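One structure is given below, encoded as structure tokens.
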Amino acid sequence: MRRSMLFLPGNTPNLILNGDSLGADAIILDLEDAVAPDQKDAARVLVRNALKTLEFRGIEKIIRINSLDTPYWKKDLDEMMPCRPELIMTPKTSCAEDVLQFDAYMSETEERLGFEKNSVRLMPLIETALGVENAYEIASASDRVVAIFLGAEDLSADLRCERTKEGKEIFYARGRIVMAARAAGKDAFDTPFTDVNDDEGIRADAALAKALGFTGKASISPRHLDAINEAFSPSEKEIDYAYEVLKTIRLAEQQGRGAVALLGKMIDKPIVMRAQQTIKMAEALGLGREDE
């Protein structure tokens, strides 16, 4: 389960040390934008040692490495891959060829380390206009890719427009990312809401992301995690309805009925699938119904 992902700069030992107690489903240990060029080596060592020595209980570890147009990305992978983080996040991914270049080097590294192929997965970060237009090709470029992630700050700069809290300037990109990810059978993650002090804003932004079909949302602040987790968790009403859907379907099958309705609405395959997804997440959160 990956509702919320929290960015932690790779050169902040105090934040990294407490990474598993901040409330995120996953932490993104950042070796890219959050780290100045003269601190890249030190951050790499710090993150490597943290992965080796800290348990990070109950959370997923994601490493944002540096982009292909820098001299750092291979060094990042050389240090991170032996620690087996769950995911590598690749910034400024603009085409399938970018994914394949990362994938090839990761495969070589896995073979050298004696790891099973694809033991470390990929989450391309899409933050250019070209990347948005190539989103499906990026998502489907490799079996190593499990999700794609929209980065709105760099995208807005590439679009030459202002990045606003309302997010009208990225509405198309959000829809395109979700559509591409789902078409490729992958997850989609939304960009952070960058106003740390706007509690109502993050709730509205997270709700919009959920409504558009995103799997979850990233954050730059622990303060936003509760709102994100709440938005991407099923409500009690949704859980109750999901169980009623499956109960109604089972009863219809026992009675040999092909068509069935619940609360005046026909229950078809998409509704059943949504109910199953809701129950799966509820069970992962410990909210399942033992008597159902």
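The values are calculated or read from the model by the stated rules, or taken from the named source; none is laboratory data. Computed from a prediction, not measured in an experiment: that's the story for all the values here. All Cβ positions, glycine included, derive from the backbone under ideal geometry; neighbour counts span all protein chains shown.
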Against the definition (at positive phi and not charged (D, E, K, R)), how does Gly201 come out, yes or no? no
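Being part of a helix (DSSP H, G or I) and either surrounded by fewer than 20 Cβ atoms within 10 Å (Cβ to Cβ) or of a type in the set (Ser, Thr, Tyr) (or both) is the filter here; which residues of segment 188-222 pass it? Break it down into steps so the answer makes sense when it comes.
From segment 188-222, those part of a helix (DSSP H, G or I) are 199-212, 222; that's our starting set.
Passing the criteria: Asp199, Glu200, Gly201, Arg203, Ala204, Ala207, Leu208, Lys210, Ala211, Leu212, Pro222.
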Output for segment 222-248, where each listed residue is hydrophobic (A, V, I, L, M, F, W, C) and in contact with a helix residue (DSSP H, G or I) (Cβ under 7 Å, 6 or more places away or on another chain): Ala227, Ile228, Ala231, Phe232, Ile239, Ala242, Val245, Leu246
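Could you tell me which of the residues Ala43, Ala34 is part of a loop (DSSP other than H, G, I, E, B), crowded, with 16+ Cβ neighbours inside 10 Å and not charged (D, E, K, R)?
Details: Ala43 fails: part of a loop (DSSP other than H, G, I, E, B).
Checking each option against the conditions leaves just Ala34.
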For Ala24, state whether it is out of contact with any Cys (no Cβ under 9 Å at 6 or more places or on another chain) and modelled with pLDDT of 95 or more. yes
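In segment 251-271, how many are in a helix (DSSP H, G or I) and surrounded by fewer than 10 Cβ atoms within 10 Å (Cβ to Cβ)? Break it down into steps so the answer makes sense when it comes.
Here is the first cut: in segment 251-271, the ones in a helix (DSSP H, G or I) are 251-254, 269-271.
Next, only the ones that are surrounded by fewer than 10 Cβ atoms within 10 Å (Cβ to Cβ) stay: 254, 269-270.
Counting residues in segment 251-271 that are in a helix (DSSP H, G or I) and surrounded by fewer than 10 Cβ atoms within 10 Å (Cβ to Cβ) gives 3.
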Could you say whether any residue in segment 94-111 is surrounded by fewer than 20 Cβ atoms within 10 Å (Cβ to Cβ) and within 18 Å of the chain's Cα centre (by Cα)? no
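Out of curiosity, is Thr53 in the same structural domain as Asn11 (by TED's automatic domain parsing), under 16 Å from Gly10 (Cβ atoms), touching a helix residue (DSSP H, G or I) at 6+ places or on another chain (Cβ under 6 Å) and among the polar types (S, T, N, Q)?
Values: in the same structural domain as Asn11 (by TED's automatic domain parsing): yes; under 16 Å from Gly10 (Cβ atoms): yes; touching a helix residue (DSSP H, G or I) at 6+ places or on another chain (Cβ under 6 Å): no; among the polar types (S, T, N, Q): yes.
Spelling it out, it is not the case that Thr53 is in the same structural domain as Asn11 (by TED's automatic domain parsing), under 16 Å from Gly10 (Cβ atoms), touching a helix residue (DSSP H, G or I) at 6+ places or on another chain (Cβ under 6 Å) and among the polar types (S, T, N, Q).
So which residues in segment 223-233 are more than 19 Å from Glu153 (Cβ to Cβ) and surrounded by fewer than 22 Cβ atoms within 10 Å (Cβ to Cβ), if there are any at all?
Taking segment 223-233 first, the residues more than 19 Å from Glu153 (Cβ to Cβ) are 225-227, 229-233.
Result: Leu225, Asp226, Asn229, Glu230, Ser233.
Mind listing whichever residues of segment 228-247 are in a helix (DSSP H, G or I) and more than 16 Å from the chain's Cα centre (by Cα)?
Residues of segment 228-247 that are in a helix (DSSP H, G or I), as a first pass: 228-231, 236-247.
Of everything in segment 228-247, those that are in a helix (DSSP H, G or I) and more than 16 Å from the chain's Cα centre (by Cα) turn out to be Glu236, Lys237, Glu238, Ile239, Asp240, Tyr241, Ala242, Tyr243, Glu244, Val245, Leu246, Lys247.
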